[in-house]
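Undergrad: I have a structure I would like to understand better, so I am pasting it below and will then ask my questions one at a time.
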Amino acid sequence: MASRALEYSPADPKLALGHFRSILQFETDCSDVQADLAEGTAEFVLLDVRGPVRFAQGHVDGALCLHHRDLTAENLAKWPMDTVFVVYCAGPHCNGADKAAYNLSVLGRPVKIMLGGMTGWIDEGFELVKSPAEEVA
């Protein structure tokens, strides 16, 4: 029996290079975000886009709460236009981060999604903090 994994040949490495570089321009992972936060090298604003109730129940320390529906030019005016935003939501089952990334892109803001969201953060063994939601707006 032939390999199912290789039923479709792998892409040419030059094509694969462009593809994977493109993906990495749109996404980051929990481990890289956590390392940047811990080392003080985070050159981005981390947004929890789930909303204030979920945020208060537990969120990444250092994240700000701004629901994806509230990503407006007015609510983002305090940051320069070249500020990079990293957004996350509940996890792979949630498309809130995709909606947030879309909204930020419409506004001309640079953005990446933190893969895995809260589920990924917890799976990596990283701690959450609980606190009252602090709305950005």
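Undergrad: All but one of (1) touching a strand residue (DSSP E or B) at 6+ places or on another chain (Cβ under 8 Å); (2) open to solvent by 20 Å² or more (accessible area, probe 1.4 Å); (3) over 22 Å from Thr41 (Cβ atoms) hold for Lys112, so report the exception by its number.
TA: (3)
Undergrad: Shifting gears a bit: Consider Phe85 carefully, then state whether it is more than 18 Å from Ile122 (Cα to Cα), in contact (Cβ under 8 Å) with a residue 24 or more places away in the chain and touching a Leu at 6+ places or on another chain (Cβ under 9 Å). Even if it seems obvious, please write down each step before you answer.
TA: Details: more than 18 Å from Ile122 (Cα to Cα): yes; in contact (Cβ under 8 Å) with a residue 24 or more places away in the chain: yes; touching a Leu at 6+ places or on another chain (Cβ under 9 Å): yes.
For Phe85, the condition - more than 18 Å from Ile122 (Cα to Cα), in contact (Cβ under 8 Å) with a residue 24 or more places away in the chain and touching a Leu at 6+ places or on another chain (Cβ under 9 Å) - is met.
Undergrad: A further question on this structure: Could you please give the count of residues in the stretch 1-51 that are part of a helix (DSSP H, G or I) and of a type outside the set (Asp, Glu)?
TA: Residues in the stretch 1-51 being part of a helix (DSSP H, G or I) and of a type outside the set (Asp, Glu): 21 in total.
Undergrad: Okay, next question. Give the residue that is farthest from Asp82 (Cα to Cα), with candidates limited to residues of the stretch 1-37 that are of a type in the set (Gly, Ala, Ser) and more than 17 Å from the chain's Cα centre (by Cα). If you could, list the steps in order and put the result at the bottom.
TA: So in the stretch 1-37, the residues of a type in the set (Gly, Ala, Ser) come out as 2-3, 5, 9, 11, 16, 18, 22, 31, 35.
Filter once more, so that each one left must be more than 17 Å from the chain's Cα centre (by Cα): 2-3, 5, 9, 11, 16, 18.
Values: Ala2: 50, Ser3: 47, Ala5: 41, Ser9: 40, Ala11: 34, Ala16: 29, Gly18: 24 Å.
Here the residue is Ala2.
So that you can scan it fast, the table gives a plain yes or no per residue for (1) among the charged types (D, E, K, R); (2) under 21 Å from Lys130 (Cα atoms); (3) open to solvent by less than 70 Å² (accessible area, probe 1.4 Å):
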| position | (1), (2), (3) |
| --- | --- |
| Phe26 | no, no, no |
| Leu37 | no, yes, yes |
| Val45 | no, yes, yes |
| Asp70 | yes, no, yes |
| Pro80 | no, no, no |
| Tyr88 | no, yes, yes |
| Cys94 | no, yes, yes |
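Undergrad: Ok, one more. Quick check on this structure: which one of Gly108, Gly125, Gly120 is among the small types (Gly, Ala, Ser), out of contact with any His (no Cβ under 6 Å at 6 or more places or on another chain) and outside any loop (DSSP other than H, G, I, E, B)?
TA: Gly120
Undergrad: Name, by its number, the condition in (1) in contact with a Gly (Cβ under 8 Å, 6 or more places away or on another chain); (2) part of a helix (DSSP H, G or I) that does not hold for Gly91.
TA: Checking Gly91 against (1) in contact with a Gly (Cβ under 8 Å, 6 or more places away or on another chain); (2) part of a helix (DSSP H, G or I), the one that fails is (2).
Undergrad: Please specify each residue of the stretch 75-114 satisfying the condition of being among the hydroxyl-bearing types (Ser, Thr, Tyr) and either in contact with a Pro (Cβ under 7 Å, 6 or more places away or on another chain) or farther than 18 Å from Ile23 by Cβ (or both). Can you show your working first?
TA: In the first step, residues of the stretch 75-114 are kept if they are among the hydroxyl-bearing types (Ser, Thr, Tyr); the result is 83, 88, 102, 105.
Hit for the stretch 75-114 is Thr83, nothing else.
The values are calculated or read from the model by the stated rules, or taken from the named source; none is laboratory data. Worth saying up front: this structure is predicted, and the values here are computed from it rather than measured. Glycine also receives a Cβ, built like all others from the backbone with ideal geometry; neighbour counts cover every protein chain displayed. These area figures cover heavy atoms from the full protein model, side chains too; ligands, DNA and RNA do not enter into them. Shrake-Rupley method; radii C 1.70, N 1.55, O 1.52, S 1.80 Å.
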